[in-house]
1. May I ask you to give the solvent-accessible area per residue for the chain, in square angstrom, as obtained with a 1.4 angstrom probe?
2. So how do 422, 249 rank on accessible area, 1.4 Å probe, biggest first, that is with the largest at the start?
3. Could you give me the radius of gyration and the Dmax of region 269-498, taking only the C-alpha atoms into account and expressing both in angstrom?
4. Report the label-to-label distance for residue 61 and residue 426 in nanometres (one decimal), using points 7 Å from each Cα along the Cα→Cβ vector.
5. Excluding residues fewer than 8 places away in the same chain, name every one of the aspartates and glutamates whose C-alpha is closer than 18 Å to that of residue 233.
6. If you take the square roots of the eigenvalues of the alpha-carbon gyration tensor of region 275-387 and sort them as a ≥ b ≥ c, do you get rounded (a/c under 1.5), prolate (a/b over b/c) or oblate?
7. Can you tell which of 128, 171, 211 lies farthest toward the positive end of the dipole of region 119-211, using +1 and -1 charges on the Cβ of basic and acidic side chains (Lys, Arg; Asp, Glu)?
8. Quick one: how many Å² of residue 162 are accessible to a 1.4 Å probe, rounded to 10?
Amino acid sequence: MEKWSLMTITVLLALTVRWAVSLGSYSGAGKPPMYGDYEAQRHWQEITYNLPIRQWYFNTSDNNLLYWGLDYPPLTAYHSFVCAYIAKLINPDWVALHTSRGYESQPHKLFMRTTVFVADLLVYIPAVILYCFSLKETSAKKKASTCALCILLYPGLILIDHGHFQYPLSLGLALWAVLCLSHDWDHLGSVAFCLALNYKQMELYHSLPFFCYLLGKCFKKGLKGKGLLLLTKLAGTVLLSFAACWLPFATDVEQIMQVLRRLFPIDRGLHRQDKVANIWCSLSVLIKIKNVISPRTQLKLSFAVTFLSLLPACIKLTVQPSLRGFKFALVACALSFFLFSFQVHEKSILLVAVPVCLLINEIPFMATWFLLVSTFSLLPLLLKDGLLLAYAVTTPAFLAVCLASFSILEKTSAEDLQLKAFSLSLKGYMSWFKSFPRIVRSLFLLSLLLMGVLSVLSAAVPPPPSLPDLFPVAVSVVSCSHFLLFLVYFNVVILWDSKNRGQKKMS
């Protein structure tokens, strides 16, 4: 009972912070002609409610795709329709075709914010709570509410979902999938992940770890017996899940192809105009890749680099499937996608950060560090949305909670960072490993100082006229440098994980 009381307080605190952040402005408020992501979500409700399904993804006189055309999978469209149906009952003007474009009012803002709040409350938060209670380690069980508090107070997700404006459903469904797999409910986990992928195509960041983990389990059971049966059932589950999601669009091939063209806009080029903390945007400071090679070649290049960077973790997970390895692979593969893949949005770092949240009980120091950097990488977007105050409050608060909950500065030994096997393999070659904890702490404090200084400069100092993007570029490059080092770290942990430990975690 005491655990549940603490968890109730944790949830109430998390909900209070979310609601407080949502009281501020939202993406694009009062900024015609596009208004921002808030208007995108509202416009999708307008389109899905007023137009037949066959027109949702097509450019027509009633659906100008240049004005926030639907570019997410069917489940997003269905969710927009449900929200629109409720909105229509409250105030038909909110979703009136054409005339509701750019609609702004306090009652509508309250309605839209409430829809995000409810999605968080029904999908994401329960998954976090159940995950924290399901942790097998005794010490972690005692700290279930502590883990949940740290995860639920992660500022990046709060600021984007409740400040910038988007729904946490795809990440919540992915968490449910992880939770199901941790209990060996592989078929339910497959359904949950298929739903996540059919809500947002960016869940492809997590697809390979799910595939490799389940395939590895089939191999271990033997592909001539139980393994083949499991593989067949899983394949059938995935096909049926996708068929159910895409059924209304299966009337003809052109419908399906048009949805796919909207989901994967190859012609937009390698990276967005915004300053994203990935390798392509950082390299553009030195060389304008978009001006040197064609979009098709850019796509091939990004695919090749992404594939090569995530290959080691996927191979290890397939050969030695374990829940621990699966969680680390989710981070490594998602980070590879973020750093090297095609058309990355700055918000996509959340696809890396949420799996890192799942590891906060195992590697509290590195998880906290990564989550702070991931929030910092969103700073240019947060400043654009008027979320400076929310960023300045939630980020130090999150750090304080992690310091108090896990004493992270005391968890910097090679063993605490899951690097003991790696350090033993280097014994005799690198004498500086003896002072490793002190070096790591120093780098962490230096990183905090650098992020703090850049945050203050970005918010308070006007850039020189000749370099208007100086601070966003600096934030992007600094964050990208951190992410590259984190990618190396997570891959080292995965590759040096012992076989026996991995097998033990399968139980």
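1. Ligands and nucleic acids excluded, the result is 44 Å² per residue.
2. Sorted descending by solvent-accessible area, the residues read 422, 249.
3. 18.3, 55
4. Roughly 6.8 nm, to one decimal.
5. Here the aspartates and glutamates satisfying the reach criterion relative to residue 233 are 184, 186.
6. Oblate, since a/c reaches 1.5 and b/c is not below a/b.
7. 128
8. For residue 162, solvent-accessible area is about 10 Å².
The values are calculated or read from the model by the stated rules, or taken from the named source; none is laboratory data. What you see is a predicted model, and the numbers here were worked out from it, not measured in a lab. We place every Cβ from the backbone using ideal geometry, glycine too, and count neighbours over all the protein chains shown. The accessibility values were calculated without ligands, DNA or RNA, using every heavy atom of the protein model including side chains. Shrake-Rupley method; radii C 1.70, N 1.55, O 1.52, S 1.80 Å.
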